[in-house]
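The values are calculated or read from the model by the stated rules, or taken from the named source; none is laboratory data. Source: prediction; values computed, not measured. Neighbour counts are summed over all protein chains in view; Cβ atoms, including those assigned to glycine, are modelled from backbone coordinates with ideal geometry. All accessible areas refer to the heavy atoms of the entire protein, side chains included, with ligands and DNA or RNA removed. Shrake-Rupley method; radii C 1.70, N 1.55, O 1.52, S 1.80 Å.
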Amino acid sequence: MAGVLRHLARQALLLALVALAVFLLMKASPVDPVDAYLGPAIAHVGPEQKAQIAAAWGLDRPTHEQFLAWAGHVLRGDLGQSTSYNAPVAQVMADRIKASLALTGLAWLLSGIFGFALGCWAAAQAGTWVDRTIRVYCYLLAATPTFWLALLLMMAFSVGLGWTPICCAGPIGVPPGQVSLWQKLHHLILPLVALTLFGVAQIALHTRVKLIEVLQSDYVLLARAQGATAWDIVIHHGIRNAALPALTVTMASVGEIFGGSILAEQVFAWPGLGRATVEAGMKGDLPLLLAIALLTTLIVSTGNRIADLLQARVDPRMGGA
Amino acid sequence: MNGRQSALLTAGLAATLIAGVALSARLLVEAGTSADFTARNLAPALSHPFGTDQMGRDMLARSVTGLALSLRVGLMAAGLSVLLATFMAMVSGLGRQADRVAGFVTDAMLAMPHLMLLILLSFSLGGGTTAVIIAVAISHWPRLSRLLRAELLQVSVAPYVETSRALGRSRLFILRRHILPHLAPQMLVGFLLMFPHAILHEAGLTFLGFGLEPSRPAIGVMLSDAMRHISAGRWWLAFFPGAMLLCMVLAFEAMGSAARRLISPREAQC
C-alpha cells in the first residue's frame, strides 16, 4: 500500500514538474501567441486590438501569475480555451482522442502482438533464413524514418494502386457523424499499417533475444532430452518466460509509438492528437499544447512505471532501483 | 576473417560512405541550389539519376547536400548530448542524494514522448538550425546517461579506485583520472549509436515544420515538399531523399555496432 502511494506521489511530482517546465518553455519562446493566432490577418489589426486580445487571454499579467491561474484551473478540471480552434481545450481533445485511440492505440496493440509473434518465430528458427529475414527486416525498419515509410505506403497504395483513400478519417465533405464503419476502417488501414510496421521492430528484436536465452537454458536442454519437440518447448517453456520481458518493452514503447503517430497523422491528415499538437505548436496555442503535453506525459510515464515494475518482477535484482 | 577483422572492415566501409557523402556535398552545392526551369519535374533518367523537382533542381545533388546538412546537425547534437549524458552520470557518482536528483531528472526526461519534447524545445527556442541542435542534444542524453551511470557505479567500487581513495585523492581527481578514461569507449559507442536517432529526429522535426528553415536543402524539407506533389505521382521526390537518409542511418548503425564489438566483444555477441 505504501509502495502504491509512493508511486502516486512520485507521479504527481513528475507531472507538476513537467507542467512547470513546459509552461516556462512556452513562455521563453520568441513566438508571440497573438501574432501566431492572427497569422496573415495581422495586417488588419492595430496595436490596440492586439493589446486587447493579449489582455483577454491574460497575457499581460506576470508569468508566475499566469502559471498559478492556469494550474488552479487545471486542478479544478478546466483545461482552458484553445486559441487556435476557438473552443474549450477539453472539447478539442475529446473530439480527437477517439481518432487517436483508434490509430495509436490499435497500432500499439498490434505492434505488441505481431512483434512478440515475429520474435518467437525468429528465435524458434534461430540461425535459419527465417530468423535472418526477420532480423534484417527489424534492423531496416528501426532505421527507417516513420514519415518516409508513411509517404511510400501512400504513394504505392493510395496514388499508384488507388486502393486506399489519400487523406483524413472519412470521405471529404461527409460530416464525421455520418461516416460508416466500413469507410472508417478503409481510411484507418494505411496509417495503421505504417505505424504497426514501425512499432513491431523493437519488440520483435527484444523478444527474440530473450527467447533464445531461454532456449539455451538447462531446463530446455532437459526437456529436449526427455523428447519434447521444438514447438512443445517454445510453447510450454519459451513463451511463458519471454512474455513478461516482451510486455515490458511494449509498455516502454508507448512514447515511441506516440511520436510516430504525430508524424503519421501529419502525412495522412488524420484528425488525432498528433495533428493537434503540430497545429497548436504552429499557432502558439499554449493551453492546448500544455494539455496534450501533460496527457502524453501521464500516459508515457505510466507506461514506463509499469515497465519498471514488470522488470522488477522479472529480475528481482532490479527491484532496488 | 575473424569477428574483429570483419568489424573493422564494416566500420571502415561505413566511414568511407559517410566521408564520401560529406565530400561530394561540397562539390554539389551549386547543382543542388540552382534552379533550371527548362528541366522541371523530370523523372529519373541518366542525366538526372534521381529526377528533378518543380524548380528543375537536381534531386541527387539536393539529397546529398541535405544529408551533409543532417550530418553537421547530427554531429553537433550528438556530441553535445554525449557531454550532457557524461555530466549527468558524473553527478550521479557524487553521492546518494545527487544520484537521486539526477535519477529523477533522467526519469522526467524519459516521461515525455521524444518527439513531443523535441517539438516543445524547438518551439521555445524559436525554430531554426541552432534550435534543432539544442533540442536534439537536450532530449537524447537520458538513455546513454543511464548506461554510463551503471558503468560508473561499477568502476567506483573497483579495487584501484578504492586504493586511490584510501591514498587520500580527492573525488574530482578520481573522477577525472580513474573514472572518465574508463567511460571513454562507452561514450564513443554511445555517440555513434545516438547519431542515427539524432538525424532521424532532426528530419522528423523539420518535416513537421519545427526544424530547419524551409529555405535550406534539408531532407525533412524535401520530404514535406514532396508530400504536396504526391498526388501528381512524382514518386522520385519522396523516394530518393528518404532512401539516402535510410542508408546514412544504416551506415552509422553499422559503425556503432562494429565499434561496440571491438570494444566489448563479450557483450555484443547476441
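Ellipticity at 222 nm from helices only: DSSP H runs of n ≥ 4 in the protein assembly as shown, each -39500 (n - 2.57), divided by the residue count, give -24000 deg cm²/dmol.
Take the Cα radius of gyration of the range A:21-161 and divide it by 2.2 N^0.38 Å, N being the number of residues; the result is 1.66.
Residue by residue, the range A:42-58 carries 3J(HN,Hα) couplings of 4, 4, 9, 10, x, x, 5, 5, 4, 5, 5, 4, 4, 5, 5, 8, x Hz when phi is fed to the Karplus relation 6.51 cos²θ - 1.76 cosθ + 1.60 (θ = phi - 60°); x denotes Gly or Pro. Relative to the longest principal axis of chain A, what angle (0 to 90°, nearest 10) does the C-alpha long axis of helix A:273-282 take? It is inclined by approximately 40 degrees.
Evaluating 6.51 cos²θ - 1.76 cosθ + 1.60 at θ = phi - 60° for every residue in the range A:230-241, the Karplus couplings come out as 4, 5, 3, 5, 4, 6, 8, 10, x, 4, 4, 7 Hz, glycine and proline recorded as x. Scanning residues 5 or more positions from A:Gln81 or on other chains, those with amide H under 5 Å from its amide H are A:Val89, with H placed 1.01 Å from N in the peptide plane.
Loop-resident chymotrypsin sites (Phe, Trp or Tyr not before Pro) (DSSP state other than H, G, I, E or B) in the range A:129-229 with no more than 14 further Cβ atoms inside 10 Å of their Cβ: A:Trp163. Nearest 10 degrees is fine. How inclined is helix A:286-314 to the longest principal axis of chain A, computing both from alpha carbons? Between helix and principal axis, roughly 20 degrees. Summarising the amide proton neighbourhood of A:Trp270: residues at separation of 5 or more, or on other chains, whose placed amide H is nearer than 5 Å comprise A:Cys168.
If you bin all the Cα-Cα distances of the range A:170-256 at 5 Å, starting from zero, the percentages per bin are 3, 12, 16, 12, 11, 10, 10, 8, 6, 5, 3, 2, 1, 0. Per residue, the solvent-accessible area of the range A:177-240 (1.4 Å probe, heavy atoms of protein chains only, all protein chains present) comes to 58 Å². Among complete DSSP H helices in chain B, those whose alpha-carbon atoms stretch at least 20 Å along the helix's long axis and whose mean Kyte-Doolittle hydropathy reaches 0.5 are B:3-33, B:59-94, B:129-155, B:180-208, B:235-263.
When 1/r is averaged over all different Cα pairs and the result inverted, which Kirkwood radius in Å belongs to the protein assembly as shown? Hydrodynamic radius (Kirkwood, Cα pairs) of the protein assembly as shown is 26.0 Å.
Here chain B is treated as a sphere whose radius is the Kirkwood value from Cα pairs; by Stokes-Einstein at 4 °C and 1.567 mPa s it diffuses with a coefficient of 63 µm²/s.
In the context of the full set of protein chains, the range B:144-239 has a per residue accessible area of 48 Å² (1.4 Å probe). Summed over both chains, the contact between A and B buries some 3800 Å² of accessible surface at a probe radius of 1.4 Å.
Using a simple spin-label model with pseudo-atoms 7 Å out from Cα toward Cβ, B:Ala22 and A:Phe114 lie 3.7 nm apart.
Just the protein heavy atoms count here, and of the accessible area of chain B at 1.4 Å, carbon and sulfur take up 64 percent. Coupling constants for the range A:6-18 follow from the phi torsions by the Karplus curve (6.51 cos²θ - 1.76 cosθ + 1.60, θ = phi - 60°), and in residue order they are 5, 4, 5, 4, 4, 4, 5, 4, 4, 4, 4, 5, 4 Hz; glycine and proline get x. Report, to the nearest whole %, how much of the accessible area of chain A belongs to carbon and sulfur atoms, 1.4 Å probe, protein only. Of all accessible area on chain A, carbon and sulfur atoms account for 67 percent. Quote the Stokes-Einstein diffusion coefficient, in whole µm² s⁻¹, for the range B:148-194, based on the Kirkwood radius over alpha carbon pairs, a temperature of 20 °C and a viscosity of 1.002 mPa s. Stokes-Einstein gives a translational diffusion coefficient of 192 µm²/s. Please tell me the relative contact order of chain A in percent, rounded to the nearest whole number, where contacts are Cα pairs under 8 Å and at least six residues apart. Relative contact order comes out at 26 percent.
Pairs of Lys residues in the protein assembly as shown, spaced 8 or more positions apart or belonging to different chains, with C-alpha separations under 21 angstrom: 4 in total. For A:Ser217, no residue 5 or more places off, or on another chain, has a built amide H under 5 Å of its own. Which log10 I(q)/I(0) values, to two decimals, does the range A:90-318 give at q = 0.18 Å⁻¹ under the Debye formula with one point per Cα? After summing over all Cα pairs, the log10 values are -1.27. Rg of the Cα atoms in the range A:2-88, relative to 2.2 N^0.38 Å, amounts to 1.38.
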